[in-house]
Number of protein chains: 2
Amino acid sequence: MSAPHPAAGRPEKRRAITGAARRVFGNEGYVRAGVDAIAAEAGVSKRTIYNHFRDKEDLFLSVALEGAHEVTETIARLLDRHLRKIVDVADDLTAFALERVAAVAEFPEHFALVRTIEAEAARIPPAVLEEWIKAGPQTAHLRLAPYLARMADDGLLTPEDPERAADHFNLLTVVNVNQRTFYGAIPLPPEQVTELVTDGVRTFLRLYGR
Amino acid sequence: MSAPHPAAGRPEKRRAITGAARRVFGNEGYVRAGVDAIAAEAGVSKRTIYNHFRDKEDLFLSVALEGAHEVTETIARLLDRHLRKIVDVADDLTAFALERVAAVAEFPEHFALVRTIEAEAARIPPAVLEEWIKAGPQTAHLRLAPYLARMADDGLLTPEDPERAADHFNLLTVVNVNQRTFYGAIPLPPEQVTELVTDGVRTFLRLYGR
DNA sequence: GTCTATAAAAAGATAGAC
DNA sequence: GTCTATCTTTTTATAGAC
């Protein structure tokens with residue numbers, strides 16, 4: 001993977017490469033993206049890329065994994081910010097879901113890359129794919145559960161299986177929007193996003209609200 | 001698109017080409033799939049492909065649209081079979097959802113192609129993409145609504161906006177499974193699929209059941 | 001309309017100098 | 001470790017014979 005290759009050169013070059021790769025892979029997709037183009041975008045020679053990464057696939061998967069961690073951390077911060085202390089259940093959940101959805105628009109290259117991963121899923125080594133899923137979507141997904149459990153403990157939600165509740169929350173809000181926008185590839189008018197998310201939270205509370 | 005080209009030769013050849021294209025595009029993705037490979041798979045010369053289709057993109061989009069119509073019709077038949085006459089709301093909805101989900105496994109090449117379309121969404125001409133969405137996912141999605149409306153009229157469901165209810169049904173069943181399996185690229189154990197779908201219908205009925 | 005042969009461009013990866 | 005130059009393969013698309 002992104003493991004420190006035998007000869008890891010200037011870390012600064014490496015970061016230039018991964019940044020460029022994220023952009024080019026995001027814009028062009030895996031196959032169409034040329035290593036030439038990535039090298040040009042990074043301001044680095046092609047040979048330097050091959051000194052840092054075994055091959056094109058290694059570069060792609062490294063960048064994908066890096067982005068997954070980044071987005072997961074961003075979502076963890078959103079969870080903490082909106083759901084650590086609850087003022088109003090509906091308002092706080094809605095605010096969280098809206099920012100969670102907006103995060104997709106804030107990492108356009110990453111989510112373009114996510115679409116590429118989904119398309120290439122059957123051709124990615126299963127172990128690597130699993131690692132990516134665990135680092136990214138699965139964790140971002142499941143980290144909501146403990147917050148819901150806490151809210152149930154505090155009598156703010158009906159006490160049910162928190163992981164299942166988290167699934168339903170995600171489906172009714174984030175997944176719904178991502179499904180329609182193709183992870184941001186076909187943007188939706190903001191007011192429509194707001195409406196979808198608001199309705200999703202309302203529906204969630206019909207299931208789990210007090 | 002698939003419009004009858006100036007010189008449309010043997011219709012039989014054309015069908016051989018589209019069938020081969022569906023398989024090769026499905027297995028390799030758009031960019032990696034070679035026109036050579038499609039010609040070989042179809043048992044046809046490459047030139048013949050270019051006589052029937054303007055270029056590779058035209059071929060791909062034609063096949064995608066054709067597949068979308070096909071799957072939409074399949075789902076329409078499932079709707080009619082399971083939901084035209086209701087015996088038991090929960091049983092009938094579950095049976096429908098299970099077959100609806102299974103349909104993804106029955107058209108593996110098509111849904112591999114769907115993943116490719118999602119990945120390429122930002123690079124597909126918007127008008128063409130919209131046409132595909134309307135022919136495929138959107139229609140398959142919305143055709144459920146009238147059945148739910150009918151069930152509400154018959155007092156089997158609470159009378160609410162049927163399109164929204166259809167959204168929620170799809171999210172809680174089909175989308176949930178497709179999200180996890182990447183449209184069938186990473187299959188799930190059948191019993192787990194059954195559990196997810198059953199739970200989804202149960203949750204749907206907590207929202208809309210009597 | 002269909003075929004074989006080919007043109008023309010682009011891709012991934014490496015050799016070898018510094 | 002990084003660069004320039006190059007090798008080799010594969011790609012899309014077309015010319016020209018039948």
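A few comments on the model shown:
- Residue tally, condition free of Cβ contacts under 8 Å to residues at least 40 places away in the same chain and open to solvent by less than 60 Å² (accessible area, probe 1.4 Å), over the stretch A:187-210: 5
- For the stretch A:157-179, the set of residues classified as crowded, with 18+ Cβ neighbours inside 10 Å and either of a type in the set (Lys, Arg) or outside any helix (DSSP H, G or I) (or both) consists of A:Leu157 only.
- Total residues in the stretch A:130-151, condition surrounded by fewer than 18 Cβ atoms within 10 Å (Cβ to Cβ) and either within 9 Å of chain B (Cβ to nearest Cβ) or in a helix (DSSP H, G or I) (or both): 9
- When the stretch A:159-168 is filtered for residues that are within 11 Å of chain B (Cβ to nearest Cβ) and either more than 20 Å from A:Leu98 (Cα to Cα) or not small (Gly, Ala, Ser) (or both), the ones remaining, listed by number, are A:Glu160, A:Asp161, A:Arg164, A:Asp167, A:His168.
- Of all the criteria given as (1) closer than 18 Å to A:His110 by Cβ; (2) at the interface with chain B (Cβ under 9 Å from one of its Cβ atoms), the one not satisfied by A:Val177 is (2).
- Residue within the stretch A:187-205 that is farther than 16 Å from A:Phe96 by Cα and basic (Lys, Arg) present: no
- Residue list for the stretch A:13-44, filter: of a type outside the set (Gly, Ala, Ser) and over 19 Å from A:Leu65 (Cα atoms): A:Arg32, A:Asp36, A:Glu41, A:Val44
- With respect to the conditions (1) open to solvent by 60 Å² or more (accessible area, probe 1.4 Å); (2) free of Cβ contacts under 8 Å to residues at least 60 places away in the same chain; (3) more than 14 Å from chain B (Cβ to nearest Cβ), A:Arg123 lacks only one, and its number is (3).
- Every condition in (1) farther than 21 Å from B:Tyr183 by Cβ; (2) open to solvent by 50 Å² or more (accessible area, probe 1.4 Å) holds for B:Leu83 except the one numbered (2).
Here is a yes/no grid of residues against (1) within 16 Å of DNA strand D (Cβ to nearest atom); (2) in contact with a helix residue (DSSP H, G or I) (Cβ under 8 Å, 6 or more places away or on another chain):
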| site | (1), (2) |
| --- | --- |
| B:Lys56 | yes, yes |
| B:Ser62 | yes, yes |
| B:Leu65 | no, yes |
| B:Ile75 | no, yes |
| B:Glu109 | no, yes |
| B:Ala112 | no, yes |
| B:Ala122 | no, yes |
| B:Glu130 | no, no |
| B:Ala140 | no, yes |
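- Scanning the stretch B:24-44 for residues that are more than 8 Å from DNA strand D (Cβ to nearest atom) and either surrounded by fewer than 16 Cβ atoms within 10 Å (Cβ to Cβ) or within 14 Å of another protein chain (Cβ to nearest Cβ) (or both) yields a total of 9.
The values are calculated or read from the model by the stated rules, or taken from the named source; none is laboratory data. Note that the structure is predicted; figures quoted are calculated from it, not measured. Please note: Cβ atoms are built from the backbone with ideal geometry, for glycine as well, and neighbour counts cover all protein chains shown. What goes into the accessible areas is simple: the full protein's heavy atoms, side chains included, and nothing from ligands, DNA or RNA. Shrake-Rupley method; radii C 1.70, N 1.55, O 1.52, S 1.80 Å.
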